[in-house]
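The values are calculated or read from the model by the stated rules, or taken from the named source; none is laboratory data. Predicted model only: the values in this text are computed from it and were never measured. For neighbour counting, all protein chains shown are included, and Cβ atoms are generated from backbone atoms with ideal geometry for every residue, glycine included.
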Amino acid sequence: MSKSALITGIAGQDGFYLAELLNKKGYKVFGVMRGQSNPKTEEIKKSLPYVNIIEADLTDQSSLSRAIEVATPDEVYNLAAVSHVGYSFKNPQLTVDVTGKGVLNMLEAIRLTGGSKSVKFYQASTSEMYGGVGDNMPKTGYNEESPFHPRSPYGVAKLYGHWITINYRESYGMFASCGILFNHESPKRGMEFVTRKISNAVARIKLGKQDYIELGNLDAKRDWGFAGDYVEGMWRMLQQDKPGEFVLATGETYSIKDFLTASFKEIGITDWKPYVKQNSAFMRPAEVNILLGDSSKAERELGWKRKVDFEQLVKTMVQSDIEAES
Ligand code: NAP
Ligand code: G4F
């Protein structure tokens, strides 16, 4: 009999790639969407026609219990979150409710519907939990043993989600794993994140639809991979004999300036400075200056390694936006 998986955050970037992967593997896929009339519902029905949509909200535990009863999943992937770091400074309490306490609601929904021993659970933890100021980062990057120092309401809420997941494993014997994922991007990335904001603006500048782009801190560095590679790692975590924590990263870090250089190169522009304005509205009250991940454990134990490199990622995103904007 085919396995069944429940994905929260199905309308997000990772929800899309994970649903595609699980469908290819023969899973029956259920996806949680929020809202009485979510405008993305029609889009999801078109792009992921095989997904069984369940209306539920991470802040409403009873709706999650119902989702578990409907899907009777073998695996639950908890991807839903308020996921934008900048937004989390403006809406810190909502962020705690969804990104933090929402994880507890999902775990309780599994436990109270009798799934503690039968359901495998994946929590979308994040490199934002390391935060820091860059000084305490090991030369080879953060790994599963590195200390945490979140720098945003989002990072703090995710740290709660991370530890409550581990707590449910230790308390109730749940198969509950956390993927500590570094930034991963794609043409499906939300426009509010810096990579897609840049790739889309570069496409529009090429097509004469836009003159410049406004950005915040250009010096921050991120370890950017391709989302399609990372959902494969999530799935592998739940196929292990034992649950655990796993870092997924590329092991390379680039600045926003590097991303601008590579993106503008795609449209034949070598000097991007005339096309970029800095706007303090996009600066954060506290910044994570540098992120670099060490995914040796995932390579060793999951046989996972990223396939797409930085240059390929930028090219794919810019070309996809040129096509979409043409
Ligand atoms: P995303 O595109 O922002 O998707 C998040 C999804 O969560 C959205 O579809 C959103 O629904 C849904 N959601 C928000 N509030 C909800 C609520 N109250 N109830 C139910 N659903 C709700 O994020 P992503 O990039 O795919 O990331 C997936 C997960 O991995 C997130 O938890 C993120 O924090 C984490 N993560 C991401 C990265 C990364 O680089 N992408 C790295 C590490 C960890 P709507 O579509 O209706 O808004
Ligand atoms: O693209 P970002 O908003 O991603 P950020 O903050 O690294 O968070 C993403 O990755 C995390 C994993 O490390 C996830 F957990 C999280 O859910 C999300 O997916 O910003 C990247 C960098 C930051 O330093 C930001 O200050 O780009 C800088 N930046 C400069 N100008 C900007 C902008 N970020 C955004 N979103 N918009 C700007 O105009």
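Could you please let me know if Ser326 is in contact (Cβ under 8 Å) with a residue 60 or more places away in the chain, surrounded by fewer than 17 Cβ atoms within 10 Å (Cβ to Cβ) and within 29 Å of Asp211 (Cα to Cα)?
Criteria met by Ser326.
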Residue within segment 58-66 that is at pLDDT 95 or above, buried (at least 21 other Cβ atoms within 10 Å of the Cβ) and in contact with a helix residue (DSSP H, G or I) (Cβ under 9 Å, 6 or more places away or on another chain) present: yes
Condition check for Thr99: in contact with a helix residue (DSSP H, G or I) (Cβ under 8 Å, 6 or more places away or on another chain), of a type outside the set (Phe, Trp, Tyr) and surrounded by 24 or more Cβ atoms within 10 Å (Cβ to Cβ): yes
Restricting segment 290-307 to residues that are within 19 Å of the chain's Cα centre (by Cα) and in a loop (DSSP other than H, G, I, E, B), the residue that is nearest to ligand 2 (Cβ to nearest atom): Leu291
Residue within segment 263-282 that is in contact with a Phe, Trp or Tyr (Cβ under 6 Å, 6 or more places away or on another chain) and under 17 Å from Lys221 (Cα atoms) present: no
Every pair of residues 6+ apart whose Cβ atoms lie under 9 Å, when the first sits in segment 250-269 and is at pLDDT below 95 while the second is of a type in the set (Gly, Ala, Ser) and assigned to a loop (DSSP other than H, G, I, E, B): none
Pairs where the first residue, in segment 116-131, is touching a residue at least 60 places away in the same chain (Cβ under 8 Å) and more than 25 Å from Tyr154 (Cβ to Cβ) and the second is among the charged types (D, E, K, R) and more than 7 Å from ligand 1 (Cβ to nearest atom), C-beta under 8 Å, 6+ apart: Lys120/Asp74; Lys120/Glu75
Condition check for Lys46: in contact (Cβ under 8 Å) with a residue 60 or more places away in the chain, of a type in the set (Lys, Arg) and out of contact with any His (no Cβ under 8 Å at 6 or more places or on another chain): no
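Under the condition of being part of a helix (DSSP H, G or I) and buried (at least 18 other Cβ atoms within 10 Å of the Cβ), which residue from segment 75-96 is nearest to ligand 2 (Cβ to nearest atom)?
Val85
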Members of segment 63-104 found to be within 22 Å of Gly115 (Cβ to Cβ) and without any contact (Cβ under 8 Å) to a residue 40 or more places away in the chain, listed by number: Ser63, Arg66
Residues being assigned to a helix (DSSP H, G or I) and closer than 25 Å to Lys197 by Cα - total across segment 158-187: 1
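Yes/no per residue for (1) modelled with pLDDT of 95 or more; (2) more than 24 Å from Gly86 (Cβ to Cβ); (3) away from ligand 2 (no atom under 11 Å from the Cβ); (4) surrounded by 19 or more Cβ atoms within 10 Å (Cβ to Cβ):
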residue	(1), (2), (3), (4)
Tyr130	yes, no, no, yes
His162	yes, no, yes, yes
Asn167	yes, yes, yes, no
His184	yes, no, no, yes
Phe193	yes, no, no, no
Ile205	yes, no, yes, yes
Qualifying residue in segment 62-70 (condition: away from ligand 2 (no atom under 16 Å from the Cβ), in contact with a Gly (Cβ under 7 Å, 6 or more places away or on another chain) and outside any loop (DSSP other than H, G, I, E, B)): yes
So Lys188, is it farther than 25 Å from Met129 by Cα, more than 8 Å from ligand 2 (Cβ to nearest atom) and not aliphatic (A, V, I, L, M): no
Considering residues of segment 188-212 that are under 14 Å from Gly12 (Cβ atoms) and outside any helix (DSSP H, G or I) only, the residue farthest from ligand 1 (Cβ to nearest atom): Met191
Residue selected from segment 49-62 under the condition free of Cβ contacts under 8 Å to residues at least 40 places away in the same chain and in contact with a Ser or Thr (Cβ under 8 Å, 6 or more places away or on another chain), by the criterion farthest from ligand 1 (Cβ to nearest atom): Glu55
Residue ID - nearest to Asn279 (Cα to Cα), chosen from residues in segment 216-231 that are out of contact with any Ser or Thr (no Cβ under 7 Å at 6 or more places or on another chain) and surrounded by 20 or more Cβ atoms within 10 Å (Cβ to Cβ): Tyr230
Residues of segment 1-51 satisfying the condition of being small (Gly, Ala, Ser), buried (at least 23 other Cβ atoms within 10 Å of the Cβ) and within 13 Å of Trp235 (Cα to Cα): Ala5, Gly15, Ala19
